[in-house]
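Student: There's a structure below that I have some questions on.
The values are calculated or read from the model by the stated rules, or taken from the named source; none is laboratory data. Every value quoted in this text rests on a predicted model; they were computed, and no experiment measured them. Reconstructed Cβ throughout: ideal geometry from the backbone, glycine too, with neighbour counts over all protein chains shown.
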Amino acid sequence: MQELNRKRVLITGGAGFLGSHLCEQLIEKQCEVLCVDNFFTGAKDNIKRLLENPYFELIRHDVTFPLYVEVDEIYNLACPASPVHYQFDPVQTTKTSVHGAINMLGLAKRVKAKIFQASTSEVYGDPTVHPQKEDYCGNVNPTGHRACYDEGKRCAETLFFDYYRQHGLRIKVGRIFNTYGPRMHPNDGRVVSNFIIQALNNQPITLYGDGSQTRSFCYVDDLVELMIGVMGTEETFTGPVNMGNPTEISVKELAETIVELANSRSAIEHRPLPKDDPKRRKPDISLARSQVGWNPRTSLSDGLIKTIGYFADRLGTVTALPLRSRTQG
Ligand code: NAD
Ligand code: UDP
């Protein structure tokens, strides 16, 4: 029987990087957490500390199929997030975003749950305005290698807003910018995990292009705090809201910082820039500030030190990266 006063929260993609941190935070906040995952990129290891908790439940399920459960809130995070993973099976990536959104919105409608969508800065594509504000409609190549993810996430946003307008659903849409921290998948090819593992192994740092492209990196704890904050905003607030740390850094500077912080002997090696790689990315977070009263608290160096520590502890199990399968430009 459900315990009185405990909110029942469904997290799809709960065994992934962001999802596992969110599961932990919500358990700490006395919620009952139902974690749904098909383990495409997630792992039981990420949530192993929760498996014995009586308020935590794990279901192996693919969100492209309907799900029938009773919950009060849904965080829809299921979707591979790194370019290497989402380009591995692009058709399944689009299905996960679109069919997954339809199934979770259908569930939210049936049980009258509030629902959060983990959207992405990729909806802005290779942006022509800087920094990116929520009213910028983006510059996405609909037929390129990133389109399965970008367009899938854009369509999911469309579905969320149509369910809101047509069925009066309580929705929250968050556009997440690059986030990093412990439990990133070691072989997913994302820049922070790649550079840290290379630096710890004193292997060459694979810098794509000249490294002048920029990103703005948010530490996972800050991001999860914002996700919960967005879910708790007043009913009339739907987003979309940018979620990220606005401190912008070039990828070259990131490589140099990681080499220094990891006390590494790695040298930088240039590789071709992948096609459609966004040149600049930085969120305007004034909406998150005004609606949630949120500000990122973790500096890049503090967050990198924690993340380097996490990967250093796992060095025995994390070996050289496989060849990056991402399409090179
Ligand atoms: P992740 O790959 O670690 O987690 C995704 C999780 O979803 C995994 O556990 C995976 O097994 C699961 N999953 C994938 N397809 C599924 C399916 N069909 N059914 C059920 N489960 C499925 O990625 P992450 O970094 O934790 O990202 C979580 C969410 O946040 C994603 O929706 C992603 O698009 C979004 N996001 C993340 C970032 C970031 O920098 N980490 C940036 C923007 C958006
Ligand atoms: N990148 C790099 N070397 C790597 C991995 C990534 O130079 O080993 C660059 C990549 O080209 C991009 C940035 O780092 O400009 C961020 O890449 P990531 O895949 O982490 O995320 P994206 O923001 O592109 O989705």
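Student: Report every pair of residues separated by at least 6 positions or lying on different chains whose Cβ atoms are under 9 Å apart, first residue within region 261-279 and within 14 Å of ligand 2 (Cβ to nearest atom), second among the charged types (D, E, K, R) and in a strand (DSSP E or B).
Tutor: Listed by first residue and then by second, the contacts come to PRO278/ARG215.
Student: In region 89-114, what count of residues is obtained for those that are within 16 Å of ligand 2 (Cβ to nearest atom) and either surrounded by fewer than 16 Cβ atoms within 10 Å (Cβ to Cβ) or farther than 21 Å from THR179 by Cα (or both)? Give the derivation first.
Tutor: Just the residues of region 89-114 that are within 16 Å of ligand 2 (Cβ to nearest atom), to begin with: 90, 93, 97.
Filter again for either surrounded by fewer than 16 Cβ atoms within 10 Å (Cβ to Cβ) or farther than 21 Å from THR179 by Cα (or both), leaving 90.
So the answer is 1.
Student: Report, by residue number, each residue of region 180-238 that is under 21 Å from PRO127 (Cβ atoms), away from ligand 1 (no atom under 16 Å from the Cβ) and charged (D, E, K, R).
Tutor: Within region 180-238, ASP210 is the sole residue that qualifies.
Student: Please enumerate the residues belonging to region 276-298 that are surrounded by fewer than 21 Cβ atoms within 10 Å (Cβ to Cβ) and within 14 Å of VAL220 (Cβ to Cβ).
Tutor: ARG297, THR298
Student: Can you pull out every residue in region 235-259 that is in a helix (DSSP H, G or I) and among the hydroxyl-bearing types (Ser, Thr, Tyr)?
Tutor: Result: THR257, single match.
Student: Which pairs turn up if I take residues in region 90-110 that are over 11 Å from LYS153 (Cα atoms) and away from ligand 1 (no atom under 11 Å from the Cβ) and look for partners that are part of a helix (DSSP H, G or I) and not acidic (Asp, Glu) with beta carbon separation below 7 Å, at least 6 apart in sequence or on another chain?
Tutor: Here the result reads PRO90/CYS148; ILE102/LEU159; LEU105/LEU159; LEU105/PHE160; LEU105/TYR163; LYS109/TYR163; LYS109/HIS167, each pair linking region 90-110 to a residue that is part of a helix (DSSP H, G or I) and not acidic (Asp, Glu).
Student: Additional query: What is the one condition in (1) modelled with pLDDT of 95 or more; (2) more than 22 Å from ALA312 (Cβ to Cβ) that TYR219 does not satisfy?
Tutor: The number of the failed condition is (2).
Student: Which of (1) within 11 Å of ligand 1 (Cβ to nearest atom); (2) within 20 Å of THR41 (Cβ to Cβ) is the odd one out, the single condition GLY244 does not satisfy?
Tutor: (2)
Student: Further question on the same structure: Across region 132-150, what is the total count of residues that are within 15 Å of ligand 2 (Cβ to nearest atom) and either touching an Asp or Glu at 6+ places or on another chain (Cβ under 7 Å) or hydroxyl-bearing (Ser, Thr, Tyr) (or both)?
Tutor: Here is the first cut: in region 132-150, the residues within 15 Å of ligand 2 (Cβ to nearest atom) are 132, 138-141, 144-150.
From what's left, either touching an Asp or Glu at 6+ places or on another chain (Cβ under 7 Å) or hydroxyl-bearing (Ser, Thr, Tyr) (or both): 132, 139-141, 144-146, 149-150.
Here the count works out to 9.
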